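Okay, so here's the structure we're looking at.
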């Protein structure tokens, strides 16, 4: 089973990550999706967004460097949804070196996180279907329970 699944919803990268850190191959897929979204937006990262649902896994420093190389000094806004103290700490460190519109949300604030990433209310049903399919790849994520239960 995979540790990470990445998909695009319009111009928003959606990532589902379990408790384990992503493999280099999985992270390379994530960077490739980011590159596609960035190219579709005319290399203007402000026209893209990202949302990560994680049970605690986070990229390594080498993997984070690949993201910085892709986006440079102007990354897209990113919403991190997690109840993991470790993942929240990693996000805080990441934002020190790469400040942008990053925000961390608990799983109970999933709706605010969707909006922060650029997913509109009219896209909620599509986002839920996408996340359900992603869970089939990575297994059940605790961080998604509130969202999926509310949207059934």
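For region 136-152, taking the residues that are surrounded by 15 or more Cβ atoms within 10 Å (Cβ to Cβ), assigned to a helix (DSSP H, G or I) and out of contact with any strand residue (DSSP E or B) (no Cβ under 7 Å at 6 or more places or on another chain), the one that is modelled with the lowest pLDDT is identified as 146. Scanning region 114-135 for residues that are closer than 18 Å to residue 57 by Cα and either exposed (fewer than 13 other Cβ atoms within 10 Å of the Cβ) or in contact with a strand residue (DSSP E or B) (Cβ under 6 Å, 6 or more places away or on another chain) (or both) yields a total of 1. Quick one: is residue 113 within 16 Å of residue 79 (Cα to Cα) and out of contact with any helix residue (DSSP H, G or I) (no Cβ under 8 Å at 6 or more places or on another chain)? In short, yes.
With a requirement of 2 or more residues that are modelled with pLDDT under 90 and in contact with a helix residue (DSSP H, G or I) (Cβ under 9 Å, 6 or more places away or on another chain), the helices (runs of 4 or more DSSP H) lying completely within region 3-98 that satisfy it span 61-71, 85-97. For region 14-36, name all the residues that are in contact with a strand residue (DSSP E or B) (Cβ under 7 Å, 6 or more places away or on another chain), surrounded by 20 or more Cβ atoms within 10 Å (Cβ to Cβ) and either farther than 19 Å from residue 125 by Cα or touching a residue at least 40 places away in the same chain (Cβ under 8 Å) (or both). Scanning region 14-36 gives 14, 16, 17, 22, 26, 30, 34. Count of region 115-132 residues, restricted to those that are without any contact (Cβ under 8 Å) to a residue 40 or more places away in the chain and part of a helix (DSSP H, G or I), is 8.
The values are calculated or read from the model by the stated rules, or taken from the named source; none is laboratory data. On a predicted model such as this, the values are computed, not experimentally measured, just so you know. Using ideal geometry, Cβ is built from the backbone for each residue, glycine included, and neighbour counts are taken over all protein chains shown.
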